[in-house]
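Q: Questions regarding the structure given below will be posed in turn.
The values are calculated or read from the model by the stated rules, or taken from the named source; none is laboratory data. Note that the structure is a prediction, hence the values are computed from the model and not measured. All Cβ positions, glycine included, derive from the backbone under ideal geometry; neighbour counts span all protein chains shown.
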Amino acid sequence: MTSMEMSSTIPSPVIEEEEWWDALVEECSAILTEYHFLSAWARVEGYHKLGSRILEDNQQFERAKIYGQQVVRKLSNSLNMSERTIHYAVQFAQKYPDLNLLPMGKNVTWTKVTSELLPENPHELKKKLHQCPQCGFQFP
């Protein structure tokens, strides 16, 4: 009998019955849960920083008065990102300048921000624009 034939006749233990298996699954699940939470929060933070940066530049140099919506359009092209997302980022930073004051705390996703925390309907963004009284920047 060859070694291959012998190994196929020896019954192998069921992995799910091993003591270490449950601990491995539990720890891996915890790692993934933490990763998903951290990545969702990092995305929210990133869009907030993007919106804050755009507002900062427009307020300091009053570029929005000169260039109007070209800033958003050109950024959209340069960053390979939709104008809608940039508008949302600006609106988010303006409505919540301090992320610590989010009603949902850190347990929030970008989808929840855009659908529940920001008042504008995504389909109405281009129809209804507001203007920042300090810098003239137009946002949804």
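Q: Taking helices (runs of 4 or more DSSP H) that fall entirely within the range 25-103, which contain at least 2 residues that are modelled with pLDDT of 90 or more and more than 20 Å from Pro119 (Cα to Cα)?
A: 70-79
Q: Filter the range 79-101 for residues that are polar (S, T, N, Q) and surrounded by fewer than 14 Cβ atoms within 10 Å (Cβ to Cβ); which is nearest to Trp41 (Cα to Cα)?
A: Filtering the range 79-101 for residues that are polar (S, T, N, Q) and surrounded by fewer than 14 Cβ atoms within 10 Å (Cβ to Cβ), the one nearest to Trp41 (Cα to Cα) comes out as Asn100.
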